[in-house]
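Have a look at the structure below, then the notes.
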Amino acid sequence: MNRRELLAGVGTVGLVGAALVGTVRRAGQSAATYHNPVYDRVFPDPDVCRVGESYYAYGTYHQWGPDGIERQLIPVLRSPNLVDWESVGPAFETEPAWSRYRGLWAPGVGRHDGRSRLYYADSEFGADNPGIGVATASDPAGPFEPRGGLFRSEAVGVPNAIDPMLFEGETPTLFWGSHRGIYGVRLADDGLSTAGETFQIAGEGVEAPYVVERDGQFYFFGSRGTCCAGAESTYHVVVGRAEELRGPYRNRAGDRLTADGATGTTVLQGDQAFPGPGHCAVVRDAAGGWWLHYHAYVGGRAWVGATPRRVLMLDRIRWREGWPVVGADGTPSCVGRAPPVEG
């Protein structure tokens, strides 16, 4: 099942706070290597940005299951190297007044004029009119000041208006969408309102867009399959490429991603060690190298009570013939060479 469906058949085992915590860094980690997961706690739908010499990661908030345990209203992590992460507090001290549902999902972040901008999905399972809100803060660790909503599904005519991602180019552009198509819209310079008509870059069956530019080409990363069924999840990462930000995006075979039945080219899929990898963020290290942060399950530890135990992962992106290659063979790595901390 995906996030649009209610978790069916899940027991009502209460959660134990310590079980959600886990360890921040896995045994055997060194300055030269890292071991996945790089953050062994529940941290789904990550986005990562660099501010100064630090990296900040933002994840989904949701009251998974019936246990009622309070969780951070969008957890925020900080790292000097993309590997060692510490919690630095929630993005919000209280739920934004604009929110009408129980979940603040899949934040997308950026930086403009010395302030961080955070976009979040306001939704829950079966929400009939989810939407995307925005907040700002001088400190990337928060707390963030809610600045209202950008739009809801009914206003833009796009079902499941969730999973925002900010593309920071000459003109800021917001991408979003979940299984009903991937869309984009130009934002005002301050990022607090839309300033154009929506456009579509991918068809149904994909969610969690992330768009980057490299060597004059634009790359769309998205996730297909089911995200939230524990080790049975079929989540995987696909890619399309375009010559213009607005598309058309095509897979490696040349098919437009907006065509009926077309899908992106798979670049990361799960295995027994780490099932269900997806909802990724692309980030550059201090030397300009490319990395993919995403969530996945640890085989044999896929649930904590009623909570899908999706943890933070890291893999290098290499480029071959103009296309990204993730991990050693397109599956999550267990261990890898750590990113450099200096250029």
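Put in order of Cβ neighbour count within 10 Å, fewest first, the listed residues 162, 317 become 317, 162.
Tell me, what is the percent relative contact order of the range 95-227, built from C-alpha pairs under 8 Å that lie six or more residues apart?
Contact order relative to length: 16 percent.
Site pair residue 102 and residue 243 shows an inter-label distance of 4.9 nm when each label is modelled 7 Å from Cα along Cα→Cβ.
Note on 258, 234: ascending count of other Cβ atoms within 10 Å places them as 234, 258, the fewest first.
When each of the peptides 79-87, 283-291 is scored by the mean number of other C-beta atoms lying within 10 Å of its residues, the order from highest to lowest reads 79-87, 283-291.
The orientation-averaged projection of the convex hull spanning the C-alpha atoms of the range 31-337 amounts to 14.6 square nanometres. Under the criterion of Cα pairs below 8 Å and six or more residues apart, the relative contact order for the chain equals 16 percent.
Once the chain from residue 287 to residue 342 is taken as fully extended at 0.36 nm per residue, the excess over their C-alpha distance is 19.2 nm. Where in the range 121-156 does the amide nitrogen come within less than 20 Å of the point 7 Å from the Cα of residue 193, taken along Cα to Cβ? Of the residues in the range 121-156, 131-137, 145-156 have backbone N under 20 Å from the label point off residue 193.
Calculated FRET efficiency, residue 32 and residue 271, Cβ-Cβ r, R0 25 Å, to nearest 0.05?
Once the sixth-power term is evaluated, E becomes 0.55.
Values quoted throughout were computed directly from the atomic coordinates according to the rules given, and no laboratory measurement underlies them. Since we're looking at a predicted model, the values are computed, not measured. Backbone-built Cβ (ideal geometry, glycine too); neighbour counts: all protein chains shown.
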